[in-house]
Amino acid sequence: MTRYQAQEWDERYRTSGHNLSCPREFLVESLHHLPQHGWGLDVAMGEGHNANLLAEHGLKVLGVDFSIVALRKAKSKYPQLHTGLIHLPEIHFRPSCLDVILNFWFLDRKMFPLYQQFLKPGGYLVLETMRFDPERDQSHLRYEYLIQPRELLKSFSGWDFLVYDENVQATAKGQQQLAVRMLARKPTDR
Ligand SMILES: C[S@@+](CC[C@H](N)C(=O)[O-])C[C@H]1O[C@@H](n2cnc3c(N)ncnc32)[C@H](O)[C@@H]1O
């Protein structure tokens, strides 16, 4: 099952012409809040456009994904990126070692406590992903891939929310999709 999913993504990255070819707008808008040094982690990085923007901003960046095809494409386009073939949430770092984490269009709730652990006090989490939408038929989407209303506010309670918007109209795979955007800072005393 697992291997199948990774292979499926490999196939998409091998064949698809509709993949993103530039960094996500929300990251571009958030960049001025982020530090210009230290280490960044891009989870489920894909082809590396977001990770590269963070690297151009000044950070050393590790991008992880379970698609070897995506990682190879990222590395050949953006050689300065560090890459890791990782099946999330199987990832380990020592506590408080990262300055920025990017989580774009990927959801695994098991990562949330890891983000709290891996980020330095005052570190930043930039997250954008699909949201549960009561107005649309989302039967083709799995429940575990949809953020529920106010869920992130609860999961990251006590953090400083620089941006929190649950009503972003995004286009994913050619379809209108409700998304959530969050730029949050881990408290400096944790
Ligand atoms: C929708 S794409 C998002 C890519 C990129 N973050 C972006 O914003 O364009 C989802 C990515 O998650 C990766 N992925 C899905 N499940 C994963 C897992 N369990 N471990 C690692 N990567 C995973 C896929 O290979 C794919 O690159």
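Values in this text are rule-based calculations from the coordinates and carry no lab data. Treat the numbers as computed from the prediction; the structure is a model and nothing was measured. Note that we place each Cβ from the backbone using ideal geometry, even for glycine, and neighbour counts take in every protein chain shown.
Can you put V43, V64, V168 in order of Cβ neighbours within 10 angstrom, beginning with the fewest? Walk me through the intermediate numbers first.
On the way: V43 23, V64 20, V168 16.
Fewest-to-most Cβ neighbours within 10 Å comes out as V168, V64, V43.
The chain: longest stretch without exposed GluC sites (Glu not before Pro) (DSSP loop, at most 16 other Cβ within 10 Å), sites themselves excluded? Don't jump to the answer; show the numbers that get you there.
Numbers: sites that count: E90, E135.
Looking at the chain, 1-89 is the longest stretch - no exposed GluC sites (Glu not before Pro) with at most 16 other Cβ atoms within 10 Å.
What relative contact order, as a whole-number percentage, does the chain give when Cα pairs under 8 Å and 6 or more residues apart are counted?
Result for the chain is 17 percent.
Per DSSP H run of at least 4 residues, take -39500 (n - 2.57); add these up for the chain, divide by its residues and hand me the 222 nm value, nearest 500 deg cm²/dmol.
Roughly -7500 deg cm²/dmol at 222 nm, from the helical runs in the chain.
Using Cα springs under 10 Å in a Gaussian network model of the chain, which residue among A179, A44, A170 shows the largest mean-square fluctuation?
Of the options given, A170 has the highest mean-square fluctuation.
In the chain, what is the volume of the convex hull around the alpha carbon atoms, normalised per residue and reported in Å³?
Dividing the Cα hull volume of the chain by its residue count gives 114 Å³.
Which one, Q116, Q176, Q36, has the greatest fluctuation when you compute a Gaussian network model over the chain with C-alpha springs under 10 angstrom?
Q176
Suppose each label sits 7 Å from its Cα in the direction of the beta carbon; what would the T15-E29 distance come out to in nanometres?
In this crude spin-label approximation the distance works out to 3.4 nm.
Taking the Cβ-Cβ separation of K154 and D133 as r and a Förster radius of 22 Å, what is the calculated FRET efficiency to the nearest 0.05?
Plugging the Cβ-Cβ distance into 1/(1 + (r/R0)^6) gives 0.70.
Please list, in order along segment 144-150, the HN-Hα scalar couplings obtained from phi with the Karplus expression 6.51 cos²θ - 1.76 cosθ + 1.60 (θ = phi - 60°), rounded to whole Hz, x for Gly and Pro.
Computed from phi, the couplings for segment 144-150 are 5, 9, 10, 6, 8, x, 6 Hz.
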